[in-house]
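The next block holds one structure in the form of structure tokens; read it before the comments.
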Amino acid sequence: MATQLFEGKGHAAVYQKYRFAPGEELQQIILSYLKEKRTNPIELVVDVGCGSGQGTRFLAEHFKKVVGADISEAQIQEARDASSRPNLSYLVCPAEELPFEDGSVDLLTSFTAVHWFDIEKFMKEVNRVVKPCGCVAISTYTVDMSLHYGNCSEKLTQIFKETRDLIFKYSHSRVKHVLEDYKEIFEALPFQDKKRITDIFDKIPMTVAGVVGYFESVSPFQAYMKNEPEAAKTLLQETEKRFLDAMGVSSRETPLEFWVRHVCILGCKGP
Ligand SMILES: C[S@@+](CC[C@H](N)C(=O)[O-])C[C@H]1O[C@@H](n2cnc3c(N)ncnc32)[C@H](O)[C@@H]1O
């Protein structure tokens with residue numbers, strides 16, 4: 001069964017504001033793979049579970065026609081509001097019923113989303129819509145992030161982990177796919193030619209406010225807010241204060257680096 005989270009307008013707005021795009025390392029790995037595998041030009045790219053367009057916008061910088069698809073109208077509205085390019089469009093639809101012809105898609109991508117889908121049905125759709133010799137790139141970032149600032153990186157990362165662990169008590173069971181580095185999702189991809197890379201690291205420039213906003217954007221935090229709103233708000237306020245104290249600064253706009261590990265599944269359909 002698919003899982004419907006991230007759908008509310010409030011959550012979509014927080015998501016758009018605080019979720020980062022695929023970093024340079026991940027982008028390069030996907031682009032190099034396509035260079036290696038594809039001889040024909042890439043005409044149509046579909047980004048499934050595109051949210052507010054974080055990965056879709058990067059794709060539109062490189063390919064002729066890019067369509068972002070998401071089950072949430074609120075996320076798609078945020079994506080449309082964020083960017084308009086003639087080669088980029090969005091549509092609301094479930095990942096398990098993609099409105100594309102058989103064998104019509106050159107590249108199908110999905111960033112940090114497949115664990116929310118009905119994986120069996122989605123993989124059938126992938127196999128149906130991707131062209132012979134077409135490719136897929138499915139990625140997620142993992143939860144073992146670290147924070148870097150001056151000589152207090154270890155302390156900041158420890159605070160980050162403590163807050164993450166409190167919030168992740170409200171995790172959905174599907175987050176297990178992320179904790180297992182997408183192993184099951186990799187096995188479910190019905191292509192012979194495929195690989196899974198688990199050690200892609202991106203250093204994302206952020207601010208203290210951005211890290212706190214990231215926590216606000218994760219689905220377990222939204223569940224925490226529903227169940228214990230006061231405790232959830234207090235946790236974020238205290239986390240921000242602990243970060244600032246550790247750094248010895250007063251502004252929440254102080255920049256720091258957010259290091260993220262990605263897992264990426266790359267596959268090429270047979271002829
Ligand atoms: C964690 S967000 C990832 C968004 C974006 N790709 C990114 O990289 O930040 C997961 C997205 O998957 C969407 N989603 C969840 N289940 C879905 C389904 N069955 N079909 C299509 N989209 C779905 C959600 O609405 C949400 O926008």
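The values are calculated or read from the model by the stated rules, or taken from the named source; none is laboratory data. Values in this document were obtained by computation on a predicted structure and should not be read as measured data. Positions of Cβ are generated from backbone atoms using ideal geometry, with glycine treated the same way; all protein chains shown enter the neighbour counts. Just the protein is used for accessible areas: all its heavy atoms, side chains included, with ligands, DNA and RNA removed. Shrake-Rupley method; radii C 1.70, N 1.55, O 1.52, S 1.80 Å.
Here are some notes:
- Annotation: per residue accessible area for the chain equals 46 Å², rounded to a whole number [probe 1.4 Å, protein chains only].
- Think of the stretch 9-268 as a dipole: +1 on every Lys or Arg Cβ, -1 on every Asp or Glu Cβ, centred on the Cα centre; then among 214, 259, 87, 87 lies furthest on the positive end.
- Cleavage-rule hits, trypsin sites (Lys or Arg not before Pro), the stretch 84-166, DSSP coil, Cβ neighbours within 10 Å at most 10: none
- Charged side chains reduced to their Cβ positions (Lys and Arg at +1, Asp and Glu at -1) give the stretch 9-268 a dipole of some 200 debye around its Cα centre.
- Contact order relative to length of the chain, as percent, for alpha carbon pairs under 8 angstrom and 6 or more apart: 23 percent
- The listed residues 133, 152 rank as 133, 152 when sorted by accessible area, largest first, using a 1.4 Å probe.
- Of 27, 16, 237, the one that fluctuates the most in a GNM where the chain has Cα springs shorter than 10 Å: 237
- Positive minus negative residues near residue 124 (Lys, Arg vs Asp, Glu; Cβ under 12 Å): -4
- When nucleic acids and ligands are ignored and a 1.4 Å probe is applied, residue 259 ends up with an accessible area of around 80 Å².
- Among the protein heavy atoms of the chain, carbon and sulfur supply 50% of the accessible surface, probe 1.4 Å, non-protein parts ignored.
- Amide H within-cut-off set for residue 68, under 5 Å, with H built and near neighbours excluded: 47, 89, 90, 91
- Most fluctuating residue given options 17, 183, 226, as computed from a GNM of the chain linking Cα atoms under 10 Å: 226
- The angle between the Cα long axis of helix 73-82 and the longest principal axis of the Cα atoms of the chain comes to about 90 degrees, rounded to the nearest 10.
- The GluC sites (Glu not before Pro) found in the stretch 176-271 that occupy coil by DSSP, while having at most 16 further C-beta atoms within 10 Å, are 180, 253.
- Phi-derived couplings, Karplus 6.51 cos²θ - 1.76 cosθ + 1.60 at θ = phi - 60°, listed residue by residue for the stretch 162-176: 5, 5, 4, 5, 5, 5, 6, 4, 9, 5, 6, 4, 5, 5, 4 Hz, with x used for Gly and Pro.
- Under a model in which nothing but the beta-carbon of Lys, Arg (+1) and Asp, Glu (-1) is charged, the stretch 30-169 shows a dipole of about 400 debye around its Cα centre.
- Chymotrypsin sites (Phe, Trp or Tyr not before Pro) lying in DSSP loop within the stretch 3-90, provided at most 10 other Cβ fall within 10 Å: none
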